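Reviewing the structure listed below.
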Amino acid sequence: MRVSAGVPDLLGTTFDGKGANFALFSAHAEKVELCLFDAGGDRERERVALPERTNDIWHCYLANVTPGQLYGYRVHGPYEPEQGHRFNPNKLLLDPYAKALSGQFVPSDLHFGFRPDSRREDLSFDRRDNASAIPKAVVVASSSSARHARKPLVAWEDTIIYEAHVKGLTRLRHDIPAGLHGKFGALAAPGVIDHLRRLGVTTIELLPIHTFVDEPFLSARRLTNYWGYNTLNFFTADQRYGTLDEFRTTVARLHDAGIEVVLDVVYNHTAEGDHLGRTLSFRGIDNKSYYWLKEDQPRFYENFTGCGNALNLSHPMVRALVMESLRYWVETCGIDGFRFDLATTLARGPHGFESHSPFFQTIWADPVLAKVKLIAEPWDIGPAGYRVGAFPPEWSEWNDTFRRTMRRYWAGEGGLARELATRMTGSADIFEHHNRTPRASINHVTVHDGFTLADLVSYERKHNEANRDDNRDGSDFNLSMNCGVEGLTNDANIVATRRRLRRNFLAALLLAQGVPLILAGDEVGNSQGGNNNAYCQDNEIGWVIWSGLGRAGEDMTAFIGQLTQMRKRFPQLQGRRWLNGGGPDSAADVQLFTPDATEMTDEDWNFPNGRFLSYVLGPEEGGQAPLFLVLNAAPEAIAFTLPTVPACSHWEKILDTSSDAQASGTHAVGARLTAPGRSVLVFSGEAPPAG
């Protein structure tokens, strides 16, 4: 093949119809070799030393290379772990910008840059070749753009998120066409789309789909990384779920159904692990540039993520990689947004989290990324890593304060009236700054990490024995309850209580201002048997079990649909702006009442045994109805008075979680009613008859 200089402008490979340009960043390498493989990926048939280096980008152009060519890199340089360098040309490295992969990753100690059996550990050097055990990058033709495809463009205030795993959501559904179970295409099957529409969700958030590999300790336990938070490459879809074209088609079909697609992305760490981890890509290309290393001991990695390493996005070339990956998924597949795992790490600089970090600024200035939904998991485990409320105005954030408050309240803890009122009205104490609105708060009670909703009301202790870590993994701080029996029971009273609590959690979630997030399977009572860390359970523990679908009392799909329709019917639930409590010059957006319909006093707010909250949300515009909400977490019924508000003569009950039946009944202002124990009631205000 004819070799020429090529250009450094586009990292990765670029096919121009006659050949391909190859470009790889490495600031500390001494030599870079491009390795070309046969069609099966079994035999390395040629090595080409990249002849040019421009601003730390090594590059060349090969004439006559065509799409489908398999390749990898061998990067030469010092192997000096104590100085932060881990070059080992015996290890074939995956191009960080690879747009397609061929072959399977084979767990093997061939991937270690050091001798695993050496007493010197990573200070030793391994000369074995790992090419037989690692996928090869593939030269591809330019991907067509999906930018101009029709997208739902759901406003933040109308957004209702459904968090799901590609395989877990569809593996056990009976209405999936043969061969599609657990694949991308299953997400767009008619039965799945119909189910999402019945729920009223607008946006499906998928757990990681980037190519990932299992950690060595999981392979040793004969388990797998089911969730996928162990990324190998940021531009390719994991082959276990299907091809990129299949994913593009799925996104287009979901868009046609009015449903957005958000990807959970893991740019905070990679699959290479800590100093005793494998050399697969970034570590062997330029360890000192890609990762945060300890300043005084660069042999070791800063572990802000708990996964052994942390990508250093304060480095402009690392940040450029992440931005290019994000743009790729938006432009090539039409993705509507991203949820960033451990997002605090992405905004770290030399002195910790930076509220004006280059990462934030680069996204904000990008014409593609500035238009998509940005969701932060606003913490990591590093110093000062908990940053809920600290992200820029264009971001929304997972609000775990909402989750903790709801769990404490419905478990029966008293004295939470003020805290509950704050969470139900958008968490202004956290987010009302820098022109942010309530949509900054992604409210959730359950997510993939932790108990499912059914398990939240059935277990007081985690049961993670199947993870083969002696039940040590997973959180011990669950704020859960078992209603009297740990786990499954046939006791009718306990079953009824658990179902009522599930309805209460769902009602509070969907009636609160902010953006609600529902965990897939919670609507049908999916259980993980008390496992609150099912990351390694690629089986019926981790998959959604749909046996509750259609079962009276257990299936809450229609109930959630009722709540999502309520959010559309009553704009004051959507949280387009912060509420005020009224005053001399303004009407009240929200009025909070005692059970006797009197104004709350400090004594009422601080009542230690109080488990009751009621409030009125005024209409946003004239002619709209006010709402009166009652949340009673006490086990006993509590009498209350329907309040008097302007232009309202009576109240119509539209929700009562104490019963499976549709709520009904009209009551005059001032009527004395009873809120059943552990219930949520909602009333719509009605104007007096004309004339």
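A few points about this structure:
- Identity of the residue in the range 470-483, free of Cβ contacts under 8 Å to residues at least 12 places away in the same chain and of a type outside the set (K, R), that ends up nearest to R407 (Cα to Cα): F477
- Restricting the range 41-58 to residues that are out of contact with any strand residue (DSSP E or B) (no Cβ under 7 Å at 6 or more places or on another chain) and either aliphatic (A, V, I, L, M) or in a loop (DSSP other than H, G, I, E, B) (or both), the residue that is surrounded by the fewest Cβ atoms within 10 Å (Cβ to Cβ) is N55.
- Residue within the range 435-444 that is under 24 Å from H165 (Cβ atoms), in contact (Cβ under 8 Å) with a residue 40 or more places away in the chain and surrounded by fewer than 24 Cβ atoms within 10 Å (Cβ to Cβ) present: yes
- A search for C-beta distances below 6 Å between a residue of the range 323-340 that is farther than 16 Å from T211 by Cα and any residue that is among the basic types (K, R) and modelled with pLDDT under 95, counting only pairs 6+ apart in sequence or on different chains, returns E331/R147.
- Residues of the range 19-40 that turn out to be in contact (Cβ under 8 Å) with a residue 24 or more places away in the chain, surrounded by fewer than 17 Cβ atoms within 10 Å (Cβ to Cβ) and in a loop (DSSP other than H, G, I, E, B), as a count: 4
- Odd one out for A310 among (1) among the small types (G, A, S); (2) surrounded by fewer than 22 Cβ atoms within 10 Å (Cβ to Cβ); (3) over 19 Å from L11 (Cβ atoms); (4) touching a helix residue (DSSP H, G or I) at 6+ places or on another chain (Cβ under 9 Å): (2)
- Restricting the range 1-18 to residues that are touching a Phe, Trp or Tyr at 6+ places or on another chain (Cβ under 6 Å) and surrounded by 17 or more Cβ atoms within 10 Å (Cβ to Cβ), the residue that is farthest from S325 (Cα to Cα): G6
- Any hit, the range 224-242, residues being over 19 Å from the mean Cα position of the chain (by Cα), at pLDDT below 95 and surrounded by fewer than 21 Cβ atoms within 10 Å (Cβ to Cβ): no
- Among the numbered conditions (1) among the aromatic types (F, W, Y); (2) touching a strand residue (DSSP E or B) at 6+ places or on another chain (Cβ under 6 Å); (3) closer than 18 Å to L93 by Cβ, the only one that Y61 does not meet is (3).
- Qualifying residue in the range 87-106 (condition: acidic (D, E) and within 23 Å of N526 (Cα to Cα)): no
- Single residue of the range 180-198 satisfying the filter (among the small types (G, A, S) and in contact with a helix residue (DSSP H, G or I) (Cβ under 9 Å, 6 or more places away or on another chain)) that is nearest to I161 (Cα to Cα): A188
- Of the strands (runs of 3 or more DSSP E) lying entirely inside the range 581-691, those containing at least 1 residues that are touching a Cys at 6+ places or on another chain (Cβ under 8 Å), surrounded by 17 or more Cβ atoms within 10 Å (Cβ to Cβ) and not polar (S, T, N, Q) span 679-686.
- Top-ranked residue in the range 271-312 [being part of a helix (DSSP H, G or I) and closer than 22 Å to H351 by Cα; ranked as nearest to the chain's Cα centre (by Cα)]: Y290
- Residues located in the range 342-371, provided they are surrounded by fewer than 22 Cβ atoms within 10 Å (Cβ to Cβ) and outside any helix (DSSP H, G or I): G349, P350, H351, G352, E354, S355, H356, S357, D366, P367, V368
- A single member of F451, F477 is assigned to a loop (DSSP other than H, G, I, E, B) and surrounded by 22 or more Cβ atoms within 10 Å (Cβ to Cβ), and it is F451.
- Criterion violated by E465 - all others in (1) farther than 25 Å from N632 by Cα; (2) surrounded by 22 or more Cβ atoms within 10 Å (Cβ to Cβ) satisfied: (2)
The values are calculated or read from the model by the stated rules, or taken from the named source; none is laboratory data. Only a predicted model underlies this, so the values are computations on that prediction, with no experimental measurement involved. FYI the Cβ positions are ideal-geometry reconstructions off the backbone, even for glycines, and counts take in every protein chain you see.
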